[in-house]
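Undergrad: Here it is: the structure, laid out below.
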């Protein structure tokens with residue numbers, strides 16, 4: 001697993017790379033949170049760009065690591081790790097831009113929905129397959145990407161994916177470009193912020209978070225409670241085991 005940060009002047013770039021599908025275990029989620037927080041802690045940084053290498057942006061939680069771990073230790077840890085990473089994105093001291101390539105699933109939605117700006121490749125797709133994994137979570141962040149409660153519910157109930165073009169029609173995506181141009185486009189938008197006063201940008205970020213109608217941290221934690229219930233009832237473990245068996 002590789003999660004790295006590079007800082008070039010006022011722009012910090014955090015890159016995820018965990019083959020084969022960029023699904024993170026608990027250690028990965030906590031490391032991602034740590035690197036985002038550290039990147040924004042540098043006083044000269046005005047913007048953080050979060051992107052990924054590989055076939056897709058993020059496939060969510062590494063369910064195979066959950067099932068391979070005895071008891072519920074990894075499952076509990078990965079839930080705490082997801083909460084920490086989503087919180088780090090939302091509470092990043094400066095604006096955070098995500099550059100989404102390929103698929104963005106499950107926990108990936110948590111990252112993107114909490115971001116300040118979204119740039120996507122023209123083959124990007126977004127979805128919450130949790131309904132088929134015996135879990136819940138991410139509806140809080142998906143609701144920040146789709147405007148209609150009915151559209152949100154249809155996506156949660158079916159687990160179907162939507163493309164970047166649909167999200168752009170809602171105004172949730174800033175730009176769509178061919179995948180080969182994705183990083184450059186994200187950096188182009190980052191450059192628009194790099195010459196701002198970092199103190200003013202930090203104040204603006206804090207201000208916008210303060211006027212949000214929904215407390216995303218508490219809302220997501222509420223969703224996680226239902227995942228714990230499903231696991232205690234046995235339905236969660238059954239669904240995860242079926243997924244691991246089918247994907248092996």
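Each reported figure results from applying straightforward, stated rules to the coordinates on display, with no laboratory input. This structure is a prediction, so every number in the text was calculated from the model and none was measured. Every residue, glycine among them, receives a Cβ derived from its backbone with ideal geometry; neighbour counts consider all protein chains shown.
Undergrad: How do 208, 182 rank when sorted from fewest to most other Cβ atoms within 10 Å of their own Cβ?
TA: 208, 182
Undergrad: Helix 73-90 versus the longest principal axis of the chain: what is the Cα-based angle in degrees, 0 to 90, to the nearest 10?
TA: That helix lies at roughly 20 degrees to the long axis.
Undergrad: Suppose the Debye formula is applied to equal point scatterers at every Cα of the stretch 89-248; what is log10 I(q)/I(0) at q = 0.09, 0.12 Å⁻¹?
TA: Those come out to -0.34, -0.59, one per q.
Undergrad: Could you list log10 I(q)/I(0) for the stretch 1-126 at q = 0.16, 0.20, 0.23 Å⁻¹, which the Debye formula gives when each Cα is one point scatterer?
TA: Listed by q, the Debye log ratios stand at -0.70, -1.07, -1.36.
Undergrad: Something else about it: Where Rh is the Kirkwood radius over the Cα pairs of the stretch 171-248, the temperature 10 °C and the viscosity 1.306 mPa s, what D in µm²/s does Stokes-Einstein return?
TA: 92 µm²/s
Undergrad: Roughly how tilted is helix 149-158, in degrees to the nearest 10 and between 0 and 90, from the longest Cα axis of the chain?
TA: 50 degrees
Undergrad: In whole Å, how far is the Cα centre of the stretch 166-230 from that of the stretch 1-71?
TA: Computed from Cα coordinates, the inter-centre distance equals 15 Å.
Undergrad: Ranking 126, 243, 157 by Cβ neighbours within 10 Å, fewest first, what do you get?
TA: The fewest-first ordering by Cβ neighbours comes to 157, 243, 126.
Undergrad: Apply 1/(1 + (r/R0)^6) to the Cβ-Cβ distance of residue 2 and residue 233, taking R0 = 45 Å, and write down the FRET efficiency to the nearest 0.05.
TA: Using R0 = 45 Å, I get an efficiency of 0.80.
Undergrad: What's the angle, to the nearest 10 degrees (0 to 90), between helix 182-194's Cα axis and the longest principal axis of the chain?
TA: Roughly 50 degrees, rounded to the nearest 10.
Undergrad: Something else about it: For a test of the definition: using alpha carbon positions, the gyration tensor, and the 1.5 limit on a/c, classify the stretch 163-215 as rounded, prolate or oblate.
TA: oblate
Undergrad: I would also like to ask the following. Give me the Debye-computed log₁₀ of I(q)/I(0) at q = 0.11, 0.17, 0.20 Å⁻¹ for the stretch 49-184, equal point scatterers on Cα only, no solvent, two decimals.
TA: Result of the Debye calculation: -0.38, -0.89, -1.20.
Undergrad: Also: Among 29, 189, which comes first, second and so on when ranked by fewest other beta-carbon atoms within 10 Å?
TA: 189, 29
Undergrad: Hey, what does the equivalent ellipsoid look like for the stretch 131-207, semi-axes from the Cα gyration tensor as sqrt of 5 times each eigenvalue, largest first, whole Å? Before the final figure, lay out each step's value.
TA: Values: eigenvalues 178, 65, 27 Å².
That gives 30, 18, 12 Å for the three semi-axes.
Undergrad: Could you grab the relative contact order for the chain? Cα pairs under 8 Å, six or more apart, rounded to a whole percent.
TA: Here the relative contact order equals 20 percent.
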